[in-house]
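To start, the structure itself, in structure tokens.
Derivation of every value follows stated rules applied to the coordinates shown; laboratory data play no part. This one's a predicted model, so the numbers in the text were calculated from it and none came from an experiment. Here the Cβ positions follow ideal geometry from the backbone for every residue, glycine too, while neighbour counts run over all protein chains shown.
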Amino acid sequence: MMRALLLHIACLPCALMAQELIVPPGTGDPMELHFNEVFMARNGIMAIEGVRQLKRDGEPIRGKNEREEFRFDGSGRTVWSGIFFDRNNAATDTSCVTRIYDARGLLCEQRRNDRSGEFAQRDSLDGEGRCLRRTHVRIQGPVTGGLALMRPLETLISDERFSHTVITVPPDSGSAWRVTWHNEHGLPYREQTFRKDRWGYLRAIEDRNIITGRQGEVTFRYDEKGRLAERIEQADRSTPAFVKHIWRYDNAGNVTLCDSWRNEKQTRHTEYLYEDGTLLLKAILAKDMETGLIHITRYTTRRR
């Protein structure tokens, strides 16, 4: 069934020459789409729109009344992303994130807006681009104050500080550093230790809660061309439970497949399709291995 859908949507074989999507190692959602800024800027891509559909076994493909969109600036950076939910009463709900960059091109603020309200995460970065302070605020308004101009009302939700420490390791063992999280009282409560091998590949991120003592770890493995091939996350090392993701690429480096596992059970199979010739993302097919549902997103691209 999955292969038949691929042939139906693709019609033509995928071309192999560039990478619109990248798969970076890190602690974020491994299934989140990350776009190659160089590729987006070089090809003058302004926006990508996706229409979501659903395929049940034995039934035709049906629309989900959901759309997603990504918008990019002239440098290829993602400046806005959102999901539109079309309701039966003709109203549309939107959940979106606006990204703001500093003069160096580093992400310093993310504004989230959905039915629960508008929130902002603001990062204060040092000269090396490391986060020293992170605040979360709720934005309401705008409101008026006498003769003052209309202005939004912001409520501080959290205020955290970060300290960064280089860890001494043997010369041939690569490098390591630790990020310590401090709460609003200035007290440490969490440590993350990052370890790279001698060639610069991030191999592990160790996470420890100072208060509870719980330790977790994310490890990374790369293929023969240095692309991320496997990510294993163990939230609590005192238990055997883990979540694993495996990626595969074509000869040009385009990610074409991702398999997700929870412990020893496969939970999701995802395939990526690109347009022939332009190498632009055409569709993503993701099969939920537990329910058998196939989630389809068809993409169109707008250029400048």
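Below, the figures for the structure above:
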{"item": "The chain: calculated mean residue ellipticity at 222 nm from DSSP helix runs of at least 4, using -39500 (n - 2.57)", "result": "-1500 deg cm²/dmol"}
{"item": "Distant-in-sequence amide H partners of Ile210 (H built 1.01 Å from N, under 5 Å)", "result": "Arg190, Glu191"}
{"item": "Under the Karplus curve 6.51 cos²θ - 1.76 cosθ + 1.60, θ = phi - 60°, whole-Hz ³J(HN,Hα) for the stretch 65-81, x wherever Gly or Pro sits", "result": "6, 10, 10, 10, 8, 10, 10, 10, 8, x, 8, x, 7, 6, 10, 7, 9"}
{"item": "Karplus-derived 3J(HN,Hα), 6.51/-1.76/1.60, for each residue of the stretch 208-217, Hz, glycine and proline x", "result": "10, 8, 5, 6, 8, x, 5, 10, x, 7"}
{"item": "Overall form of the stretch 117-268 per C-alpha gyration tensor (a/c, 1.5; a/b vs b/c)", "result": "prolate"}
{"item": "Shape parameters for the stretch 178-225, alpha-carbon atoms, Rg then Dmax in Å", "result": "13.6, 46"}
{"item": "Quotient of Cα Rg and 2.2 N^0.38 Å for the chain, N being how many residues it contains", "result": "1.12"}
{"item": "Whole-angstrom gap from the stretch 24-95 to the stretch 227-304, using each part's C-alpha centre", "result": "15"}
{"item": "Amide hydrogen neighbours beyond the local backbone of Leu21, cut-off 5 Å, H modeled", "result": "Asn36, Val255"}
{"item": "Backbone HN-Hα couplings from phi across the stretch 174-183 [Karplus 6.51/-1.76/1.60, Hz, Gly and Pro as x]", "result": "x, 8, 8, 8, 10, 10, 10, 8, 10, 7"}
{"item": "Charged-residue dipole, Cβ positions (Lys, Arg, Asp, Glu), the chain about Cα centre, Debye nearest 20", "result": "220"}
